[in-house]
Amino acid sequence: MKNVVRLPILSACLAFLLAQLPALPAQAEGSLGFDINITLSPKAAAKLKSANEGITVGASYYGDPKKGVKKFVNEMGMLDLRSETLSLPGEPGIAHITGRDVPAERLTFLNGPVSVNVNIWSSRKSGEDNILNCDFIDGEVAKVAKTPPITLHCSLISENLENKTYP
């Protein structure tokens, strides 16, 4: 009976202590994450299947650095925040980009919003060359994340189809 009485008191104390912790920045809570919907042309789907080939998704987070910041700035003058790579089966589907590994420290060097560049290519299990030509994302994470999953379509490079840039 004594344990039953202590549990509500313990829960109330824990809730009070958690309320005293500082709020995490929105980025630390995963607001840099989003989903993409990958679709394949019939020829790309057939080739990936017959070659037992996979799909790789690469997301690179970046932004404009504050004036005077040189640390983590690349040759294009952009602040590199972090990259994330997913290895997926060679079939259509949803891919979840988490953004969870972007260090909060680097966000303090930003002058403006966080942007992301997302590219898709074949995993090169069956050969050394990429065989896919895919739509891609290059823009502010807030615009990418607030929409339903953006559909990125992939075809074979040999199909010679034009790709699109989102958002």
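In table form, for the structure just shown:
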quantity: Full-stretch length increase - residue 96, residue 64 - with 0.36 nm per residue and alpha-carbon distance subtracted; calculated: 9.1 nm
quantity: Aspartates and glutamates whose Cα lies under 20 Å from that of residue 70, excluding same-chain neighbours fewer than 8 positions away; calculated: 80, 105
quantity: Interatomic Cα distance distribution for segment 65-117, bins of 10 angstrom, percent; calculated: 20, 45, 22, 12, 1
quantity: Residues of type lysines that residue 125 reaches as a straight line, Cα spacing below 25 Å, ignoring anything fewer than 8 places off in the same chain; calculated: 43, 47, 49
quantity: With 5 Å bins from 0: P(r) over segment 25-166, alpha-carbon pairs, percent; calculated: 2, 10, 20, 20, 16, 13, 10, 6, 3, 1, 0
quantity: Fewest-first sequence of 82, 100 by Cβ atoms within 10 Å of each Cβ; calculated: 100, 82
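Any read-out appearing in this document is the output of simple, stated calculations on the displayed coordinates, not a laboratory observation. This is a predicted model, so every value here is computed, not measured. As a convention, Cβ positions derive from the backbone with ideal geometry for all residues, glycine included, and neighbour counts pool all protein chains shown.
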